[in-house]
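Visitor: I am attaching a structure below and will ask some questions about it afterwards.
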Amino acid sequence: MHQQFSGIEILDQICQTKMKRLQTKGMSLGYTLPKKRPFPIVTPTLLHKKDSPIIIAEIKRKSPTKGYIGTITEPTKLAKTYIEQGANAISVLCEEDYFQGSLQDLYAIKEAFPHTCILRKDFILHKDEIEVSYLFGADMVLLIVALFVNNMESFCVLYNELLSYNLTPLIEIHTLAEWDLIKQLDLKHAIIGINARNLKTFQINKMDAMKLRACIPQHIAVVFESGIQSNYDGFMAGSSGFQGILCGSFLVEHLDTQHENTTQNVLYELAKAFHIGTNKLIFARLLQRFYTKNPHIKQHAKKHINKPLIKVCGINDIAFLQESMLHADLLGFILTPKSVRYVDMIFMQEATRIYNAYCMQHKHLDFMPLRIGVVTKECIDIGISYLEQGFIDCLQLHDIPTSFCIKHDATSHNNTESFYGTYPISALHNISNNALLPFYPSIDYKKLLHTNQTLQTHFALWDSSGGKGQSIDIMAIQNFMTKHITLQGNLWLAGGICTKNLRELLTLNPMLLDICSGFENEQGKKSIIAMQTFFSLLESIFDKVS
């Protein structure tokens, strides 16, 4: 077993070891330094063509947190596989002691693929390492802001040195505070990388990374780093407004463990999922809405209860729909025929007409409520049809197993964490123009309350009652959140939510509340007064806070 460290200890040890190598072996780390660079510099297409996402696939043998990942005896062969599957950049880990990489790998891969953009991924500490990177064939070089938080002058020296060699800086950040340290730089020749790994706990938190993306102006190129563990993660990153992804462990593990005839689609399918997401920026819209409601977050406010996004679900009455559009962030329509709140195509056509008229009247608004179609696998075809016809913007998928949200080892070959869980993938691909549907899963969290397994931080609705109005067990959720800290501040919650328990629910600091039966006087019958009462209380609570 590999030794366990905290994130800060890992960084400190890596940097100390790296400095010793530089002192004893020189800036080229003992390798013969080429007298000149024999390769062209390849600038990422993303920097001059914003609609051309960058897919960075990584050559990675080992990491301090995972230990051994995969045997890579021929890095150029793996790079070739990556390029054939759609990678337009190759990341080469060059750190030797903790990742088993080398500058020799970098040179060999650039020599084999001189017209491909190659990233030197390393812990760059000294200005002279930039010239070494240039001569060994790097086109991009990773700069980690966390290494320079107390010495940004040194960071700027490295940054400017990279630009002087016409190399592209990939600036890695983890937090809003780190973004604040670099946001005044001229970033038109740089790419920002948001690493989903928390450097204090070393846990992966995808939602926090995606929230951070929403804080950065959209015209700045940003890629998602770490945390890609399934095709769905690629889809989420694309839909959250990232212009690229950097993936290493997931690719190496799957390419290393699968049979020869099945390896050709791993990166291809991941890249496809990401591209689908970039064409359906549903989560980017939601994240922007969240920050519009909570501007204090960008000022690093501490211990502040956030104003949650609100989904009004089970809408089956036109007058109720019209009132909902004045308050809600998401509008939910149940498309499952067996539900008492089921709405048919005639209703959806009228709802769409009213929604579109509302949009025309309120063009000045930055955000219109998203329309969510709630489906089970028996009626997935209805959801697909309604997406194609423009009746809804996104699907909420029920029946996905709880294992969808549990982190699995690559060697388990567990298919429940695939792009669409247990849903029929072939059916979901048959959408006109290949514009696959945006969706998020709904999970029965009661089945996970006592698990100690690591949970994925997905955009996922944690439901408890399925619209039956059962009382919500707030204490159980509090205990659950204590065990799964990555969900703190990221919880999407449904089941038994109403005006009576709103104050107590807000102590959980949820990101989204989904209310269905709480806006009914009897099952399936919506009450405008109940909804107005709820939103009046919500506004009064946050008026007092502000």
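The values are calculated or read from the model by the stated rules, or taken from the named source; none is laboratory data. None of these values were measured; they are calculated from a predicted model. Cβ placement follows ideal geometry from the backbone for every residue including glycine, while neighbour counts extend to all protein chains displayed. These area figures cover heavy atoms from the full protein model, side chains too; ligands, DNA and RNA do not enter into them. Shrake-Rupley method; radii C 1.70, N 1.55, O 1.52, S 1.80 Å.
Visitor: For the peptides 283-290, 182-189, what is the packing order when you average, over each peptide's residues, the other Cβ atoms within 10 Å and list the highest mean first?
Guide: Final packing ranking: 283-290, 182-189.
Visitor: What order do you get for 270-276, 163-169 when each peptide is scored by the mean count of other beta carbon atoms within 10 Å, highest first?
Guide: 270-276, 163-169
Visitor: For the pair HIS362 and LEU449, what calculated FRET efficiency results from E = 1/(1 + (r/R0)^6), where r is the Cβ-Cβ distance and R0 = 45 Å, to the nearest 0.05?
Guide: 0.65
Visitor: If you count only protein heavy atoms with a 1.4 Å probe, what accessible area per residue comes out for segment 3-97, rounded to a whole Å²? Could you put the intermediate results ahead of the total?
Guide: Details: 4810 Å² over 95 residues.
Accessible area per residue: 51 Å².
Visitor: Further question on the same structure: Run the lone-cysteine check on the chain: no other Cys C-beta under 4.7 Å from the residue's C-beta.
Guide: Singleton cysteines: CYS15, CYS94, CYS117, CYS156, CYS215, CYS247, CYS359, CYS379, CYS394, CYS405, CYS498.
Visitor: Could you tell me which of the pairs LYS188/LYS211; LYS363/LYS526; LYS206/LYS447; LYS66/LYS377 are separated by over 30 angstrom between their Cα atoms in the structure shown? Kindly include the intermediate steps, with their values, before the conclusion.
Guide: Numbers: LYS188/LYS211 22 Å; LYS363/LYS526 28 Å; LYS206/LYS447 22 Å; LYS66/LYS377 36 Å.
From LYS188/LYS211; LYS363/LYS526; LYS206/LYS447; LYS66/LYS377, over 30 Å: LYS66/LYS377.
Visitor: Of the trypsin sites (Lys or Arg not before Pro) in segment 442-546, which ones lie in a loop per DSSP and count no more than 15 other C-beta atoms within 10 Å? The partial results should precede the final answer.
Guide: Numbers: sites: LYS446, LYS447, LYS468, LYS483, LYS500, ARG503, LYS525, LYS526, LYS544; in loops: LYS468, LYS500.
Hits after loop and neighbour filter: LYS468, LYS500.
Visitor: If the reach is capped at under 19 angstrom between alpha carbons, list the aspartates and glutamates near LYS500, excluding any in the same chain fewer than eight residues apart.
Guide: Those aspartates and glutamates meeting the cut-off are ASP463, ASP473, ASP514, GLU520, GLU522, GLU539, ASP543.
Visitor: Output wanted: per-residue J couplings in Hz (rounded whole) for segment 107-115, from phi through Karplus 6.51 cos²θ - 1.76 cosθ + 1.60, θ = phi - 60°, x for Gly and Pro.
Guide: Once rounded to whole Hz, the list reads 5, 4, 6, 5, 5, 6, 9, x, 9.
Visitor: Oh, and also: Calculate how many DSSP beta bridges within the chain are antiparallel, expressed in % of all such bridges and rounded to the nearest 5.
Guide: 10
Visitor: Pop out the carbon and sulfur fraction of the accessible area of segment 186-242 as a percent, whole number, probe 1.4 Å.
Guide: Numbers: 760 of 1500 Å².
Its accessible area is 51 percent carbon and sulfur atoms.
Visitor: Where the accessible area of segment 1-126 is counted over protein heavy atoms with a 1.4 Å probe, how much of it, in %, is carbon and sulfur?
Guide: Numbers: 3140 of 6110 Å².
Looking at segment 1-126 in its full context, I get 51 percent from C and S.
Visitor: In whole Hz and in residue order, list the ³J(HN,Hα) couplings for segment 117-126 that follow from phi through the Karplus curve 6.51 cos²θ - 1.76 cosθ + 1.60, θ = phi - 60°; x for Gly and Pro.
Guide: 3J(HN,Hα) across segment 117-126, in whole Hz: 6, 10, 9, 8, 9, 7, 9, 6, 10, 10.
Visitor: How large is the dipole of the chain about the Cα centre if only Lys and Arg carry +1 and Asp and Glu carry -1, each at its Cβ, rounded to the nearest 20 debye?
Guide: In debye, rounded to 20, the chain gives about 660.
Visitor: Could you go through segment 12-17 in sequence order and give the Karplus-derived ³J(HN,Hα) for each residue, using 6.51 cos²θ - 1.76 cosθ + 1.60 with θ = phi - 60°, rounded to whole Hz, and x for Gly and Pro?
Guide: Whole-Hz 3J(HN,Hα) from phi for segment 12-17: 4, 5, 4, 5, 5, 5.
Visitor: At 222 nm, what helix-only mean residue ellipticity would the chain give, in deg cm²/dmol to the nearest 500, using -39500 (n - 2.57) for each DSSP H run of four or more? Mind showing how you got there, number by number?
Guide: Values: 18 runs with 192 residues, N = 546.
Here the helix-only value at 222 nm equals -10500 deg cm²/dmol.
Visitor: What accessible area per residue comes out for segment 491-546, rounded to a whole number of Å², with a 1.4 Å probe?
Guide: 44
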